[in-house]
1. In this structure, is Ser465 among the small types (Gly, Ala, Ser) and either part of a strand (DSSP E or B) or farther than 14 Å from Arg580 by Cα (or both)?
2. Quick check on this structure: which one of Pro27, Pro33, Pro6 is at pLDDT below 95, within 23 Å of Gln181 (Cα to Cα), out of contact with any Phe, Trp or Tyr (no Cβ under 9 Å at 6 or more places or on another chain) and not in a helix (DSSP H, G or I)?
3. Scan Ser473, Ser467, Ser457 and give me the residue that is among the hydroxyl-bearing types (Ser, Thr, Tyr) and open to solvent by 10 Å² or more (accessible area, probe 1.4 Å).
4. Quick test for you: out of Lys92, Lys117, Lys163, Lys102, pick the one residue that is open to solvent by 10 Å² or more (accessible area, probe 1.4 Å), over 27 Å from Gln354 (Cα atoms) and either among the charged types (D, E, K, R) or touching a helix residue (DSSP H, G or I) at 6+ places or on another chain (Cβ under 7 Å) (or both).
5. If you check Leu61, Leu45, which single one turns out to be open to solvent by less than 10 Å² (accessible area, probe 1.4 Å), more than 14 Å from the chain's Cα centre (by Cα), in contact (Cβ under 8 Å) with a residue 12 or more places away in the chain and under 15 Å from Phe219 (Cβ atoms)?
6. Return the residue satisfying two criteria in turn: it lies in region 268-315 and is at pLDDT 95 or above and among the aliphatic types (A, V, I, L, M), and of such residues it is surrounded by the fewest Cβ atoms within 10 Å (Cβ to Cβ).
7. Give region 446-460 a look and list any residue that's farther than 19 Å from Ala52 by Cα and among the aliphatic types (A, V, I, L, M), or say none.
8. Which residue out of Arg499, Arg528 is open to solvent by 40 Å² or more (accessible area, probe 1.4 Å), modelled with pLDDT under 95, basic (Lys, Arg) and over 33 Å from the mean Cα position of the chain (by Cα)?
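The values are calculated or read from the model by the stated rules, or taken from the named source; none is laboratory data. In this text, all values refer to a predicted model and were calculated from it rather than measured experimentally. Here the Cβ is made from the backbone with ideal geometry for all residues, glycine too, and neighbour counts use every protein chain on show. All accessible areas refer to the heavy atoms of the entire protein, side chains included, with ligands and DNA or RNA removed. Shrake-Rupley method; radii C 1.70, N 1.55, O 1.52, S 1.80 Å.
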Amino acid sequence: MNPVFPRPLCGLTALIALPAMLAASLPGSAAPPRQPDQTVECEILIVGGGLAGVAAAQEALLAGKTVCMTELTDWVGGQVASQGTSALDEAKRQRALNFFPKGYNEFRDRIERKYGKLNPGDCWVSVSCFLPKDAHALLWEQLQQSAQQGRGTLKWFPSTVVKELEMGKEGRQIQGTIAIQHAAAPGSDRLHTLPLSTIFEDSYRYANSPRLTKKIIRFVPKPSQQQKRPADWYVIEATETGEIVALADVPYRLGLDARSHLNPSSPVEKNDPYCTQGITYTFAMERTADPQPQPKPPFYSRYEPYYGYDADPRKANFDFVFTYRRIWGPIQGPRIQAGPLRVNAPQPGHISMQNWVWGNDYRPGTEKDNLIYTRDQLKKLGQLNPGSWMGGLRTNTLRSGEELALGYYYWLVAGTTDSQLGNGVKQPNPNHRLLTGADSPMGTQHGLSKYPYIRESRRIIGRPSPSYPNGFSIHELDISRRDYRDNYYRQTLPDKMYRSLWTALAGLEAVSVIEGKTPTSEVAQRTRSTIYPDAVGISQYAIDFHPCMANSPPEAKGNQERPGVRRAHGASYPAQIPLRAMIPQRIDNLLVSGKSIAASNIAAAAYRVHSFEWSSGAAAGNTAIFALEEGILPFQLVDQLPRREPALEKLRQRLESKQNPTSFPNTSIFNLDWEDWNVW
């Protein structure tokens with residue numbers, strides 16, 4: 001079962017010549033579209049093939065629907081596959097009970113059957129670390145079997161991006177989409193020979209280029225035999241950065257939210273859209289018996305000041321870092337001390353996936369280098385003009401993230417500096433090789449993941465209601481275990497904000513607090529998360545930050561994390577995914593899943609891991625199916641809340657019957673004891 005990967009000699013030239021190859025990316029704007037080369041009919045169009053997209057597709061296929069799914073890369077699975085973060089982030093008790101959506105548990109079972117155990121890498125960050133290329137294959141098989149079982153039809157469009165949305169007369173519904181599918185041009189390098197930044201903008205241009213040939217595809221609703229329905233199809237946003245959210249120009253937030261009584265740990269008084277969580281190009285490296293040639297990247301000196309083990313000197317140990325996300329280790333070595341842990345010693349042939357804060361985390365945070373363009377930036381660039389969408393990302397930042405990651409590999413094997421602990425700590429470790437090639441764990445000739453791991457996206461603002469006059473959103477206060485009697489909050493928050501915080505926590509006693517009958521000092525600390533009547537999924541993970549850096553460029557010597565961003569970092573309660581967080585303003589046949597649901601940046605730091613993405617995708621898929629079959633628009637399921645919504649109850653029953661939990665065990669206003677569910 002031991003995988004064999006090609007030697008990196010063929011990629012050596014590419015590694016050294018990377019800056020020149022990256023600079024060869026074609027400039028220019030989108031050309032006017034020609035007629036579509038193909039028209040494809042769908043009942044549900046899923047944009048994005050990550051875990052949320054896969055989950056939505058599986059549910060729809062099991063229900064016998066015709067599903068179209070587009071994906072920028074050629075793999076399904078997102079985090080666990082094309083982004084290379086194939087180490088499942090899970091809360092301890094949730095994992096112990098296997099209290100996950102059915103499809104997610106099926107995926108975990110497939111991993112165990114594939115390797116004979118759930119953790120073939122014997123990593124210590126998770127109970128399951130595995131090869132990204134296998135994750136794609138397992139999920140693809142899962143989708144194919146779901147289509148057979150439910151007699152659904154999957155129309156899969158890899159290497160495809162959505163370029164334009166065709167809106168109805170009143171702009172309330174998406175009536176069609178125009179997409180571009182790319183392939184390697186004749187005589188050019190195969191796809192994934194060069195990193196993503198070299199073709200990212202090119203993939204959004206209609207015109208063929210020296211590197212890519214293009215096929216224009218129009219997606220439209222599949223005709224129905226049923227009576228006229230309020231929507232002929234549904235589009236599910238499942239991209240990594242909220243592309244459809246931006247392209248549709250529905251209200252959304254990006255970056256740090258302003259400090260408020262609902263997000264009291266925010267470090268800023270005004271929204272900062274440029275400070276988002278760091279991105280990571282992961283890579284796989286193999287332990288070898290002998291030292292390997294380690295060519296120094298020409299751009300290494302630029303990024304060297306950033307690299308370091310950790311501020312905690314106990315973690316300044318190479319084997320500690322290597323075994324952290326070891327994704328393959330069939331031969332067990334002797335037990336050794338690696339920093340603060342006892343681990344099985346790495347052996348030749350063992351493979352580690354690298355995802356390290358002071359290594360390949362690229363963390364821009366200013367208007368000069370932010371990755372995900374804000375709405376104002378998109379307008380200035382003209383990307384919101386008809387036919388001018390170019391993906392909404394800063395290509396130079398993608399490129400810098402790629403260089404940082406390749407430089408980090410060199411630092412691991414040959415570096416002797418440490419930004420956190422100073423010189424004299426880091427020692428070379430030359431007995432390793434970067435795994436490259438189409439058959440390598442990442443499936444790329446350059447060795448980096450096909451797409452960076454994205455921790456934070458554009459986040460919609462849900463529809464306004466009497467309870468949420470500024471639009472629905474999940475906030476820090478809804479999920480955090482933080483002690484808000486801490487002196488920090490007493491001293492930092494204005495009196496009115498501090499009082500509003502405790503009024504919000506007071507629940508049934510809120511009126512008494514407002515009237516001054518109950519002092520805030522007598523309000524009990526919350527011991528559970530907010531319970532939502534429209535819950536359609538579940539999530540639990542720590543509020544976990546990889547903060548942006550304070551200055552530009554992020555790799556500059558002496559640069560530090562943006563102060564205060566980690567204030568909210570910590571444990572959270574088992575939480576729910578409300579349907580209102582998945583329904584954008586203005587557009588009635590668009591559902592949002594994954595990291596783009598309506599949440600503050602603090603809440604989103606917990607609502608971003610693997611099982612959450614699956615749960616939100618399953619909820620989106622079932623909601624779309626339900627809306628088609630019942631002839632109802634999703635917003636109509638929640639527009640009368642807090643009054644009873646019979647159709648909403650029917651949807652939730654459907655989800656539960658298909659083993660997609662909408663709440664954790666014993667979720668009730670009477671259960672205030674959630675200590676056993678501490679994520680730590």
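1. Numbers: among the small types (Gly, Ala, Ser): yes; either part of a strand (DSSP E or B) or farther than 14 Å from Arg580 by Cα (or both): no.
Against the criterion (among the small types (Gly, Ala, Ser) and either part of a strand (DSSP E or B) or farther than 14 Å from Arg580 by Cα (or both)), Ser465 does not qualify.
2. Details: Pro33 fails: out of contact with any Phe, Trp or Tyr (no Cβ under 9 Å at 6 or more places or on another chain); Pro6 fails: within 23 Å of Gln181 (Cα to Cα).
After applying the criteria, what remains is Pro27.
3. Working: Ser473 fails: open to solvent by 10 Å² or more (accessible area, probe 1.4 Å); Ser457 fails: open to solvent by 10 Å² or more (accessible area, probe 1.4 Å).
After applying the criteria, what remains is Ser467.
4. Numbers: Lys92 fails: over 27 Å from Gln354 (Cα atoms); Lys117 fails: over 27 Å from Gln354 (Cα atoms); Lys163 fails: open to solvent by 10 Å² or more (accessible area, probe 1.4 Å).
Residue meeting the stated conditions: Lys102.
5. On the way: Leu61 fails: under 15 Å from Phe219 (Cβ atoms).
Testing whether each residue is open to solvent by less than 10 Å² (accessible area, probe 1.4 Å), more than 14 Å from the chain's Cα centre (by Cα), in contact (Cβ under 8 Å) with a residue 12 or more places away in the chain and under 15 Å from Phe219 (Cβ atoms) leaves just Leu45.
6. Ala289
7. Of everything in region 446-460, just one residue is farther than 19 Å from Ala52 by Cα and among the aliphatic types (A, V, I, L, M), namely Leu448.
8. On the way: Arg528 fails: over 33 Å from the mean Cα position of the chain (by Cα).
When all the criteria are applied, what remains is Arg499.
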